[in-house]
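Single-structure report; data block below.
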Amino acid sequence: MSYHFKDVSVVVVEGPGPHAGVLKARLEALDFHDISVTDSGEKALADARTPSCNLLFCDWEVADMDGLTFLRRLREDAKMEFVNVVLVDREADPERLEAAAEAGVNNYIAHPFDGLALRRKIEALLGKPFRS
């Protein structure tokens, strides 16, 4: 059985740089339709609080705060415990990953990544295998 995630609401908060826009394009290629993209942690916090948000990708560095601060602020709200958060970074620095895990991140992915790696991360979080 395969599942499609057309109805999954995704928030992407990304920093500047050469990878901006890549995640949205990869999510669209995987048949996601409801994708909100911002470079502001404050806006992403507001977007994540909508009842439909299921999945959030947060870059380690965004315009108005770092990813760790964003994650801690998100997890301060008990209603946000159900949101699956993936940290996106240029490197898989063990110290950063440990700090993010302690703050409540669900998974991480490092740039550069391909569609298959992204799909596997999403399947692991949402528990639904699918075909793109």
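Throughout, read-outs are computed from the coordinates displayed, never taken from laboratory work. In this text, all values refer to a predicted model and were calculated from it rather than measured experimentally. No Cβ is skipped: glycine too gets one built from the backbone with ideal geometry, and neighbour counts run over all protein chains shown.
Would you be able to tell me the number of residues in region 19-46 that are on the phi > 0 side of the Ramachandran plot and either acidic (Asp, Glu) or in contact (Cβ under 8 Å) with a residue 60 or more places away in the chain (or both)?
Summing the residues that are on the phi > 0 side of the Ramachandran plot and either acidic (Asp, Glu) or in contact (Cβ under 8 Å) with a residue 60 or more places away in the chain (or both) in region 19-46 gives 1.
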Worksheet, complete the sentence: Over region 27-41, the set of residues over 14 Å from Glu14 (Cβ atoms) and either of a type in the set (S, T, N, Q) or in a helix (DSSP H, G or I) (or both) is Glu28, Ala29
Item to complete: Mind listing just one residue for me: the one in region 82-91 that is touching a helix residue (DSSP H, G or I) at 6+ places or on another chain (Cβ under 7 Å) and not aliphatic (A, V, I, L, M) and, of those, nearest to Pro51 (Cα to Cα)?
Response: Asn84
Discussion item. Can you report the number of residues in region 10-34 which are surrounded by 13 or more Cβ atoms within 10 Å (Cβ to Cβ), more than 22 Å from Ala100 (Cβ to Cβ) and not acidic (Asp, Glu)?
Written reply: 3
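Yes or no, residue by residue, for (1) touching a residue at least 24 places away in the same chain (Cβ under 8 Å); (2) surrounded by fewer than 16 Cβ atoms within 10 Å (Cβ to Cβ); (3) not aliphatic (A, V, I, L, M):
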{"residue": "Pro51", "(1), (2), (3)": "no, yes, yes"}
{"residue": "Leu56", "(1), (2), (3)": "yes, no, no"}
{"residue": "Asp64", "(1), (2), (3)": "yes, yes, yes"}
{"residue": "Leu68", "(1), (2), (3)": "yes, no, no"}
{"residue": "Arg75", "(1), (2), (3)": "yes, yes, yes"}
{"residue": "Lys79", "(1), (2), (3)": "yes, yes, yes"}
{"residue": "Val86", "(1), (2), (3)": "yes, no, no"}
{"residue": "Arg90", "(1), (2), (3)": "yes, yes, yes"}
Item to complete: Could you list, in sequence order, all residues of region 92-108 that are touching a helix residue (DSSP H, G or I) at 6+ places or on another chain (Cβ under 7 Å) and surrounded by 16 or more Cβ atoms within 10 Å (Cβ to Cβ)?
Response: Ala99, Ala100, Ala103, Val105, Asn106, Asn107, Tyr108
